[in-house]
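Take a look at the structure below.
Throughout, read-outs are computed from the coordinates displayed, never taken from laboratory work. Bear in mind the structure is a predicted one, so any value in this text is a computation, not a measurement. Because the Cβ atoms are built from the backbone with ideal geometry, glycine has one as well, and the counts that use them run over all protein chains shown.
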Amino acid sequence: MIRGLYTAATGLDAGMRRMDVISNNLANVGTAGFKREQALFQSLLDREIYRYSDQPPVYLGQLGAGVNFRMGTPDLSAGLPLATNNPLDIAFLDADTDSAEQLTFLAVESAQNARAYTRNGQLMVDGENYLRTLSGAYVLGQSLTGATQRIRIANADELTIATDGTLRDANGVQLARLHLVNPSPNAQLRRMGDSLWAIEGEVQAAADPNVVQGYLEQANVQAVREMVDLIAAMRNYETHAKLVQIQDETLNKVVNEVGRL
């Protein structure tokens, strides 16, 4: 009976974590380039049950030990492009894929001076004419000499960005080229917050980038689908809460009533 309480409690914990994941997806439905998180579960080790009063013992079946929640991999499917007509907005029109190595990421320098990567193409120019993300990270590019450095823009309104990430001024003079990369097949993606990713593993220059100026990639979150999943998660949580209540009431009878006989 105590085992039943623990089994139901694992369902409660998994339900809460699933609702947290779905809520975070809904909160970022308007975040450009956001990739929804997927909640994954796995059953704990089942236990074989025998009736030992018989000789030899009779096998009765298996008893589940509950469920374990673990954070799933992000859904890397492409979001739909949204036209903004802002020259500092860019989108990466990659082929629809769920493989990280086929996605294009923009290299940036985070506030902690660490290398990071993003799919959020909402850019701005600060007071010193440096190109940054909305969260304040410096956009990195390759200069004419091939060095990777921060990008400085004199006049953002006259900036043009080619499909390969090359930045040019109003006269067609090349200023720099966005540092665009693809993760290696064995690389792992880890969220850093502020639409930034850490890539644990090797990265390589984007083989065939397709940058579109004046567009943003929308989050690949479908609000209706997430709401349906949230309702299902809440009902699942309520079911496990009821199971805990039933187990508690049964245990109370065993201790306080059956024990008197």
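Given points 7 Å out from each Cα along the Cα-Cβ axis, report the Q38 to A205 separation in nanometres with one decimal.
3.3
Name the long-range amide H neighbours of T166: under 5 Å, sequence gap of 5 or more, or other chain; modelled H, no Pro or chain starts.
For T166, the qualifying residues are L178.
For the pair L60 and T250, what calculated FRET efficiency results from E = 1/(1 + (r/R0)^6), where r is the Cβ-Cβ distance and R0 = 22 Å, to the nearest 0.05?
The formula returns an efficiency of 0.65 here.
Suppose every Lys and Arg Cβ carries +1 and every Asp and Glu Cβ carries -1, with no other charges. What dipole size does the chain come out with about its Cα centre, to the nearest 20 debye?
About 680 debye.
Using +1 at the Cβ of each Lys and Arg and -1 at the Cβ of each Asp and Glu in the chain, identify which of I161, V228, V244 lies farthest towards the dipole's positive end.
The Cα lying farthest towards the positive end belongs to V244.
Any idea what angle helix 2-27 forms with the longest principal axis of the chain, computed on alpha-carbon atoms, 0 to 90 degrees, nearest 10?
20
Using the crude model of +1 on Lys and Arg Cβ and -1 on Asp and Glu Cβ, and no other charge, please compute the dipole size for segment 81-217 relative to its Cα centre, in debye to 20.
Computed about the Cα centre, the dipole is about 340 debye.
For every helix of n ≥ 4 consecutive DSSP H residues, a contribution of -39,500 (n - 2.57) applies; sum these over the chain, divide by its total residues, and give [θ] at 222 nm rounded to the nearest 500 deg cm²/dmol.
-8500 deg cm²/dmol
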